[in-house]
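This report concerns only the one structure given below.
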Amino acid sequence: MATERTFSILKPDATARNLTGAVNAVIEEAGLRIVAQRRIRMSDAQAKKFYEVHAERPFYGELVEFMTSGPVVVQVLEGENAVAKYREVMGATNPAQAAEGTIRQKFAKSVGENTVHGSDSLENAGIEIKQFFDDKDIVG
Ligand code: CMP
């Protein structure tokens, strides 16, 4: 196994409910290290670009609207097998199907307001991290 970095977003439903610390506790307890973190307000252009792979999906407009509706916390997580590990820690996209103890099982409200985003592959992690962080801002 290799040390990897993955990209994470704590979504507006998390910041609205003051859950940054609670979600970070689950991340850290799972052995992932938060090596960069910033609270931002995502612009419409940033959200559209970030989710452009979903542009043809019926929920795209709703997704962009939600992600720009309040502050988000963007993060870089580091650890052994970090990409797959974080997906396991987040749980299924739909919180109704998320396993016990996962972030989405504990905190998510719906498939849209599902508290966190995590990269789905190492390649996408690299692309997503570059959209929000400079190398110098990541301290491993
Ligand atoms: P995320 O990992 O951020 O990547 C794409 C997002 O689209 C996903 O999490 C969900 O929050 C969102 N999504 C997926 N399916 C739906 C849906 N049916 N309605 C609204 N949002 C959705």
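The values are calculated or read from the model by the stated rules, or taken from the named source; none is laboratory data. Bear in mind the structure is a predicted one, so any value in this text is a computation, not a measurement. Note: ideal-geometry Cβ built from the backbone for every residue, glycine included; neighbour counts use all protein chains shown.
Quick notes
- Residues that are among the aliphatic types (A, V, I, L, M) and either within 22 Å of GLU4 (Cβ to Cβ) or in contact with a Phe, Trp or Tyr (Cβ under 8 Å, 6 or more places away or on another chain) (or both), drawn from region 54-71: LEU63, VAL64, MET67
- Number of positions in region 104-132 that are assigned to a helix (DSSP H, G or I) and closer than 21 Å to ILE40 by Cα: 10
- Applying the criterion of being more than 12 Å from the chain's Cα centre (by Cα) and within 13 Å of the ligand (Cβ to nearest atom) to the residues of region 114-134, the residue that is surrounded by the fewest Cβ atoms within 10 Å (Cβ to Cβ) is SER121.
- If the condition is being assigned to a loop (DSSP other than H, G, I, E, B) and either under 17 Å from GLY101 (Cβ atoms) or away from the ligand (no atom under 16 Å from the Cβ) (or both), then region 1-16 contributes MET1, ALA2.
- Any chance GLU78 is among the acidic types (Asp, Glu), touching a strand residue (DSSP E or B) at 6+ places or on another chain (Cβ under 6 Å) and either over 16 Å from VAL26 (Cα atoms) or at pLDDT 95 or above (or both): yes
- Answer residue from region 45-63, given it is in contact (Cβ under 8 Å) with a residue 12 or more places away in the chain and farther than 20 Å from LYS130 by Cβ and is surrounded by the most Cβ atoms within 10 Å (Cβ to Cβ) among those: LEU63
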